[in-house]
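Read through the structure below, which is laid out as structure tokens, and then see the notes.
The values are calculated or read from the model by the stated rules, or taken from the named source; none is laboratory data. Everything numeric in this text was worked out from a predicted model, so none of it was measured. Every residue, glycine as well, gets a Cβ built from its backbone with ideal geometry; the counts of neighbours run over all protein chains shown. Note: areas computed on protein heavy atoms with side chains; ligands, DNA, RNA excluded. Shrake-Rupley method; radii C 1.70, N 1.55, O 1.52, S 1.80 Å.
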Protein chains: 4
Amino acid sequence: MTKHSAILLLSCPDRKGVVASVAGFIFQHRGNILHADEHGDHDSNTFLMRVEFDPSELDLPLGDFAAQFTPLAKELDLHWRLALSDKRPKMAILVSKYDHCLVDLLYRHQSGELACDIPCIVSNHPDSQRIADFYHVPFFLVPVEPQNKLAAEQQVLAMLQRHGVDFVVLARYMQILSEDFVNAYPQKIINIHHSFLPAFVGAKPYHQAFKRGVKIIGATSHYVTNVLDDGPIIEQDVVRVSHRDSIDDLVQKGRDLEKVVLSRAVRWHIENRVLLYGNKTVVFE
Amino acid sequence: MTKHSAILLLSCPDRKGVVASVAGFIFQHRGNILHADEHGDHDSNTFLMRVEFDPSELDLPLGDFAAQFTPLAKELDLHWRLALSDKRPKMAILVSKYDHCLVDLLYRHQSGELACDIPCIVSNHPDSQRIADFYHVPFFLVPVEPQNKLAAEQQVLAMLQRHGVDFVVLARYMQILSEDFVNAYPQKIINIHHSFLPAFVGAKPYHQAFKRGVKIIGATSHYVTNVLDDGPIIEQDVVRVSHRDSIDDLVQKGRDLEKVVLSRAVRWHIENRVLLYGNKTVVFE
Amino acid sequence: MTKHSAILLLSCPDRKGVVASVAGFIFQHRGNILHADEHGDHDSNTFLMRVEFDPSELDLPLGDFAAQFTPLAKELDLHWRLALSDKRPKMAILVSKYDHCLVDLLYRHQSGELACDIPCIVSNHPDSQRIADFYHVPFFLVPVEPQNKLAAEQQVLAMLQRHGVDFVVLARYMQILSEDFVNAYPQKIINIHHSFLPAFVGAKPYHQAFKRGVKIIGATSHYVTNVLDDGPIIEQDVVRVSHRDSIDDLVQKGRDLEKVVLSRAVRWHIENRVLLYGNKTVVFE
Amino acid sequence: MTKHSAILLLSCPDRKGVVASVAGFIFQHRGNILHADEHGDHDSNTFLMRVEFDPSELDLPLGDFAAQFTPLAKELDLHWRLALSDKRPKMAILVSKYDHCLVDLLYRHQSGELACDIPCIVSNHPDSQRIADFYHVPFFLVPVEPQNKLAAEQQVLAMLQRHGVDFVVLARYMQILSEDFVNAYPQKIINIHHSFLPAFVGAKPYHQAFKRGVKIIGATSHYVTNVLDDGPIIEQDVVRVSHRDSIDDLVQKGRDLEKVVLSRAVRWHIENRVLLYGNKTVVFE
């Protein structure tokens, strides 16, 4: 992603002339289109588009873009938003005991792979405090006990809102979120599930995979919805296993999968490359 | 697999000295061990072993091997069998309309990849007659209609038995086999399912995968049991897909998967590389 | 690829407004853009674009497209061409003794995967005559001996021209083509090399790979230029090997790679998805 | 690897009875064979074997194993050594500026994936001090300047010897080692090269790969010999790239490869799974 670029994301009923009209609008206002990707879904008759353009010579202030673009958007029946690569979104990370995804995300963030800010890490275990401190990221411990689940979740939610969080990453957070929590961040909670969904939904997927005797295991990153492990899939990857692999080996091989799959999904989300239609995603890589 | 080799396959309760005793027996009788693979499964306390040896200087006729080996086998509580690479097993292929797996198997067979004989191809569609003729393999049409399903299956079964078939490959055979049929060839019917099992069991898995929005599709070859798509998995493989792929694209990409996955499973079966324990397989590649 | 679509392929010096201008032209003439892909290469300051549109309501005959489009093309300094999905290109296949790629291409062609015509197969070995006959494709035997290499090649070239061949596929054709031959079909000869180029250029790559002890082998499909195994790469794929694999095993595993890699490259070429810049390709999948 | 196991590694000229004799020796002394892997290389007529056994009921002290085993070893002309899983080898890590492999190895070490001790990290850059401190691993800065290369290397070598280092990992260490250094740790220096060797030997492999237009990039872990990037390959892996990937993207994708490939090689080395024959490795996974 070029620095100082603007990204226009849109979806609309499929019809003639959308590319031409939108590209024309940007060109007339002296924007320079850097990339344009689009996808037409026949089943739902939906057209989706991502246009990245250089706004440095734009003949209107970006603050006025919406007002100027709205007539065209209405004509074409567009759902749209404009994202600026300069504006770094705020990402909260929720984690439980397994910290490999957390450690991986923090290292990538420091390396410049993830163009976001991290106002807070929240955990129900104290162990990740040390690594959070190492990377100078505020860490908050919110223990979750059977009798205080809802109160704890409310506390987490309040913290996210206080920090102005834009999206939430569940980096092996072992608590199931309530409907209210999910609804507070619609299509803005990214989970990593340690199986090749929809195989092995729910608890202990490596144990399930071991028992079934599969020859390949996987990991899946998806947006969280109110149906367990059923949200729109952003990314998946797999690795080969054999009878020589114990459950511990699956867990170890799976960790490497989980890290790369989650980090790709997070990066694509940050770079505004993921669009939703129905329960599916388009990823404009 | 070396020509003129003997393969000893065995499983037993895990205990000390199995490798030494079995290897010792072969050595004392002047067999030359070419490969030895073994696997211990802790959960079921089972030990599995495959020993391939050159019997050309053996000091006993292979016909006497069983008698000589039995005392040791009893002592170690072995389930075992001896296979000779010289003896080509007889494979029947059952196929319906989609013929890509059939065509692939026939080409591999002709190329020498599959060390078996093919006494018959059976289909409920006439279309594959031509390719069977090309490869000089006897072809039998057994139409299946709702009202004659059982009779048709009996006819197929009789044909397999008449041809002395050792194992059966379902190369996209779209009929569900009865319990009787499956029981007639226990762990000797190999199916190809066009999904990454256990995801998308049953009919139209590519449609299911498309609807779920997965980013990777797969194919699975497994032994057939009396639970649909639940038998021991022999081999799986996957390929990446994206929002750009229509259902037709999934089907096309999947065909390439199905061919290689099924052909690997068939080859390993022929070369006596697959051992079963519970509902899982060891593949000694 | 939708039937009855038109594909506009273009490259030009990178500048503002290309997408808007080209999309605008198509829209103004009532073409419906189905897909648009583009790529900007910073090093060479080149912009490449592929636009697929439905011309069924176009307000000008496709025969007049060039005349109407030329002023814009001149203004933007475009190299361009228009391809129609209706017009099936003519593909010649050259093959020597190993016929797995040939057999694979013929099956895919018959299955509808490859939207081309095959006016001729040319071989320096007689063995493929039978499979060519099976698929009703004309087969020509042109033996190549050390003393007649040039004359044989002239004979092949004449045959291709007589059949109006648009592009040539070397499906494991073991003869090195002369500069004249290559120049007669610039960027229209597709080869499959049985290694992961640029590793193992030249003869016997599987033997080279075996000797080097690599853990992964590959296959590469590329356009042929006058430097051996150095032309623009269209597609590559790989498979894992181990110490257990003999050279014969590499050859066998490699065959499966060669087939899929070559067939993908051929399909993308047919569907006008491959654009060249310098010695590299853009593949608009 | 089971705790408290003993691993017998051996190679010898291929001959009859090696498996039986070695397994028999262990069994007679009441060792329980847990795993046995072997490989026969026809070209060099070499037989290689790895036997992992439980020595807890062994009827001789492990200290006497050598004396007892030597007669058999002489008879069979074995090169052999016995490793104990209890004895953790000492690994030194050498690193320059890019620290992703270092950070990855330290995390895996802490997680228990790598059963070794790390007496020292040596770097020619000060930046990794902080992460070394975090994991409580001694860090030594040895700056390398053109005029002091040899002296600096001597200083590193002395430090490794002082710490009793068993093997050395070059975790993106950008200095070429002298012949003396390499000879001091024969087959005990593991490097990660950021290409799919033998493609792109030497400097800036990602730039070379970008220029060549490959569709897949790789990483290779190998033992260091006195020929640059030519030592025995332990592990390789690859990832797909496209025209959309800039050099920076290759570097970023490559980092993930380098980490997993190096860590696998290191783990297999630690677990005594890697045997050498000629310039090739057997990895008994």
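For the reader, a short list of remarks on this structure follows.
- Averaged over its residues, chain A has an accessible area of 41 Å² per residue, based on protein heavy atoms and a 1.4 Å probe.
- Note on C:32-38: average number of Cβ atoms from other chains within 10 Å of each residue's Cβ is 6.
- Shown in residue order for the stretch D:173-178 are the 3J(HN,Hα) couplings computed by the Karplus curve 6.51 cos²θ - 1.76 cosθ + 1.60 at θ = phi - 60°: 8, 8, 9, 7, 7, 6 Hz (x for Gly and Pro).
- The 3J(HN,Hα) values that the Karplus relation (6.51, -1.76, 1.60; θ = phi - 60°) gives for the stretch C:276-285 are, in residue order, 10, 9, x, 9, 10, 10, 9, 10, 8, 5 Hz. Gly and Pro appear as x.
- Burial annotation for the stretch B:212-236: residues with an accessible-area loss of at least 30 Å² between the isolated chain and the complete set of protein chains, computed on heavy atoms with a 1.4 Å probe, are B:Arg212, B:Gly213, B:Val214, B:Lys215, B:Ile216, B:Ile233, B:Gln236.
- Relative contact order (percent, whole number), chain D, Cα cutoff 8 Å, 6+ residue spacing: 16
- On Cα atoms only, tilt of C:100-111 relative to the major axis of chain C in degrees: 40
- 1.4 Å probe, heavy atoms, protein only - residues of the stretch D:267-285 losing at least 50 Å² accessible area vs chain alone: D:Lys280, D:Glu285
- Exceeding the 32 Å Cα-Cα cut-off - candidates C:Lys16/D:Lys211; D:Lys204/D:Lys280; A:Lys74/D:Lys215; A:Lys253/B:Lys90: A:Lys74/D:Lys215; A:Lys253/B:Lys90
- Nonpolar atom fraction for the stretch A:6-84, defined as the carbon and sulfur part of the 1.4 Å probe accessible area, stands at 47 percent.
- Total buried accessible area between B and A, probe 1.4 Å, nearest 100: 2800 Å².
- Gap separating the Cα centres of the stretch D:82-101 and the stretch C:53-121, nearest whole Å: 56
- Nearest-first distances (nm) between copies at A:Ser111, label 7 Å from Cα via Cβ: 1.4, 3.9, 3.9
- Hz values of 3J(HN,Hα) by residue in the stretch A:229-240 - Karplus curve (6.51, -1.76, 1.60), Gly and Pro given as x: 6, 10, x, x, 6, 9, 7, 9, 8, 9, 8, 7
- Comparing the full protein assembly with the isolated chain, the residues of the stretch A:124-138 losing at least 40 square angstrom of accessible surface (1.4 Å probe) are A:Arg130, A:Phe134.
- Helix axis angle, D:65-76 relative to chain D longest principal axis, alpha carbon, degrees: 90
- Applying both filters, DSSP loop and at most 15 other Cβ atoms within 10 Å, to the GluC sites (Glu not before Pro) of the stretch D:1-79 gives D:Glu57.
- Spin-label pair C:Leu62/C:Ala203, simplified geometry with 7 Å Cα→Cβ offset, distance in nm: 4.7
- When the solvent-accessible area of the stretch D:181-285 is split by element, carbon and sulfur atoms take up 52 percent of it, the probe being 1.4 Å.
- Of the trypsin sites (Lys or Arg not before Pro) found in the stretch C:1-94, the ones in coil according to DSSP and having at most 13 other Cβ atoms within 10 Å of their Cβ are C:Lys3, C:Arg15, C:Lys87.
- Chain B's nearest residue to the axis relating it to A, judged by Cβ and reported with the distance in whole Å, is B:Ala199, 2.
- Between the helical axis of C:149-162 and the longest alpha-carbon principal axis of chain C there is an angle of about 40 degrees.
- Calculated mean residue ellipticity at 222 nm for chain B: -10000 deg cm²/dmol, from DSSP H runs with n ≥ 4 weighted as -39500 (n - 2.57), summed, divided by the residue count and rounded to 500.
- Amide H contacts under 5 Å for C:Tyr277, placed H, 5+ residues apart: C:Val282
- Distances in nm from C:Arg88 to the matching label points in the other copies, shortest first (labels 7 Å along Cα to Cβ): 3.6, 5.7, 6.8
- Where trypsin sites (Lys or Arg not before Pro) fall in DSSP loop in the stretch D:190-260, at most 16 other Cβ within 10 Å: D:Arg244
- Debye log10 I(q)/I(0) at q = 0.06, 0.08 Å⁻¹ for the protein assembly as shown, Cα point scatterers: -0.54, -1.00
- Nm distances between copies for C:Asp64, ranked from closest, using label points 7 Å along Cα→Cβ: 4.0, 9.6, 10.4
- Within 10 Å of each Cβ in B:194-203, the average number of Cβ atoms from other chains: 3
- A simple spin-label model places pseudo-atoms 7 Å from Cα toward Cβ; at A:Asn226 and A:Gln175 they are separated by 2.0 nm.
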